[in-house]
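Engineer: Here it is, the structure in full.
The values are calculated or read from the model by the stated rules, or taken from the named source; none is laboratory data. Keep in mind it's a predicted model, so treat the numbers as computed, not measured. Counting neighbours? That spans all protein chains shown, and the Cβs are built from the backbone with ideal geometry, glycine included.
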Amino acid sequence: MAITLSALLAAPALKLQRVGTSPVTDVPVQWVAVTELEDPQPFLSGGEVVLTTGLRQKSATSQRNFVKRVHASGALAVGFGTGLSHEKVPSAFLDQADELGLPVFRVPYETPFIAIGKIVADSLSEEHYARLENLLKGHQVLASALLGGGGLPQLLRELAALLRTDVVLSQYGTRLFATGSGAEQDREWHRVPVATGLKDRCTLAIAEPYERDAIVAYAQSLISVELSNQARRRASERAVVGQLLQDVVRGTIAGTDAAARLGSAGIDTVRRQCVVIADVATGQRRALRTLPLPGKHDDVVTAILDDRLVIAVPESDGESLSREISEYLHGAGFTAKVGFGGGYAQPSGLRWSYFEARESLTRGQAVNRPDRLSLTSLLMASEDVPLADLASEALDPVAAFDERHGAELMLTLEKYLALNGSVAAVADVLQLHRNTVRYRLQQIVDLTGYDPSITADRVHLYLALNVRGLR
């Protein structure tokens with residue numbers, strides 16, 4: 001630690017003598033400034049001991065002004081060198097210092113100013129070296145904690161011990177880890193951002209009071225690297241499991257082969273499994289590849305399939321996990337909806353649960369419960385049925401016409417099919433004349449070649465609309 005003013009005055013080799021009545025404190029001396037300027041204030045930053053021989057202080061007024069300016073700069077004390085221009089500390093100088101509470105000490109002729117500066121500089125060097133030594137030890141402690149198997153939790157525990165306070169790491173608005181009680185209310189926190197390359201609002205919060213320490217910057221770097229590595233691993237694992245689930249869903253693999261491969265991925269199909277699907281706005285889907293789940297669910301099997309986050313969990317956890325994921329995503333700023341399927345055993349059951357979960361998303365609620373699978377979903381379970389092509393062939397001309405003319409033909413068709421082909425009901429819902437509805441239906445016939453008033457064509461258009469909604 002830097003030498004204090006009282007310790008400096010007590011150094012026997014310097015033979016310094018306190019004069020005046022101002023009290024001496026144990027505040028560390030930041031530097032020694034030697035000056036003979038009448039106004040040294042512009043060159044002082046506070047915390048110094050100012051040394052002078054009073055060479056230019058010929059009058060009582062100049063002496064008082066010098067003391068006032070030194071005091072205004074925040075200096076700790078003034079050392080007055082005697083034996084040159086003054087045999088003793090001038091009374092006006094001393095009176096002004098006592099009035100302001102600025103300590104004054106006499107520096108005898110035989111004590112060079114440089115000797116005082118050297119003692120202060122040596123103490124500052126020792127303090128700086130000690131800080132560097134402690135910083136290097138702290139670096140080793142944090143790196144060992146992270147690489148020694150304890151991961152981020154152990155690193156943060158060690159950081160809290162080094163800072164002698166609590167820390168909280170948050171990502172996507174959710175707490176990943178906290179030391180102590182972790183209660184953030186009724187406490188002051190210093191928050192520092194952690195860069196991960198993601199729009200995840202990752203923050204390290206440190207409970208006040210704590211001594212600002214360079215170890216925090218090193219901890220930020222380690223946390224950043226570890227979270228980035230975790231994100232890359234998560235994206236890779238989700239891509240691999242997503243490919244496996246895609247093969248199961250499409251029926252490319254089945255039976256014992258599918259069960260074995262799912263088991264190696266951590267999905268036990270002997271037990272009844274439930275599929276949970278989380279979907280977000282198109283512009284946010286990229287984040288699902290690396291998004292961490294809330295802490296207690298970090299070990300569940302996750303995948304990316306059709307740009308959606310897919311989670312396989314035991315049947316009993318399906319609904320509760322869906323609600324937690326929904327709250328988590330909305331809290332993290334995502335526009336999200338979550339659907340889950342029923343619980344079934346065997347790979348075929350997992351496939352069935354997936355289609356139930358995907359169809360439940362069409363209801364558009366924050367959390368969507370499973371229901372009976374529609375004919376559309378059952379047909380889509382088979383890759384042999386080209387429903388996507390059917391939907392494009394039937395409805396793309398209608399969608400293109402709507403985009404060019406704002407004709408709302410697609411909306412009219414949806415209402416017509418939903419209202420069992422009643423022109424009157426459609427006109428009432430859309431607040432149109434019945435002839436306008438009939439005109440729009442004829443436009444659909446002209447564009448697609450399918451007549452919604454004919455049962456076979458109506459089924460075709462109904463399937464196309466539903467496939468369009470599921471994609």
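Engineer: Would it be correct to say that Ala260 is closer than 30 Å to Leu147 by Cα and either touching a residue at least 24 places away in the same chain (Cβ under 8 Å) or outside the structural domain of Leu146 (by TED's automatic domain parsing) (or both)?
Structural biologist: Against the criterion (closer than 30 Å to Leu147 by Cα and either touching a residue at least 24 places away in the same chain (Cβ under 8 Å) or outside the structural domain of Leu146 (by TED's automatic domain parsing) (or both)), Ala260 does not qualify.
Engineer: What tally of residues in the range 156-185 results from selecting those that are out of contact with any Phe, Trp or Tyr (no Cβ under 8 Å at 6 or more places or on another chain), assigned to a helix (DSSP H, G or I), closer than 14 Å to Ala205 by Cα and touching a residue at least 40 places away in the same chain (Cβ under 8 Å)?
Structural biologist: 1
Engineer: If you check Val67 against the conditions, is it surrounded by 18 or more Cβ atoms within 10 Å (Cβ to Cβ), touching a residue at least 60 places away in the same chain (Cβ under 8 Å) and in contact with a Phe, Trp or Tyr (Cβ under 8 Å, 6 or more places away or on another chain)?
Structural biologist: No.
Engineer: Select, from Glu408, Glu393, the only residue that is closer than 29 Å to Ser360 by Cα, surrounded by fewer than 16 Cβ atoms within 10 Å (Cβ to Cβ) and at pLDDT below 90.
Structural biologist: Within the list Glu408, Glu393, the selection yields Glu393.
Engineer: State the number of residues belonging to the range 211-242 that are farther than 19 Å from Val141 by Cα and in contact with a strand residue (DSSP E or B) (Cβ under 9 Å, 6 or more places away or on another chain). Steps first, please.
Structural biologist: Just the residues of the range 211-242 that are farther than 19 Å from Val141 by Cα, to begin with: 228-242.
Among the residues that remain, those that are also in contact with a strand residue (DSSP E or B) (Cβ under 9 Å, 6 or more places away or on another chain) are: 234-235, 237-242.
Number satisfying all stated conditions: 8.
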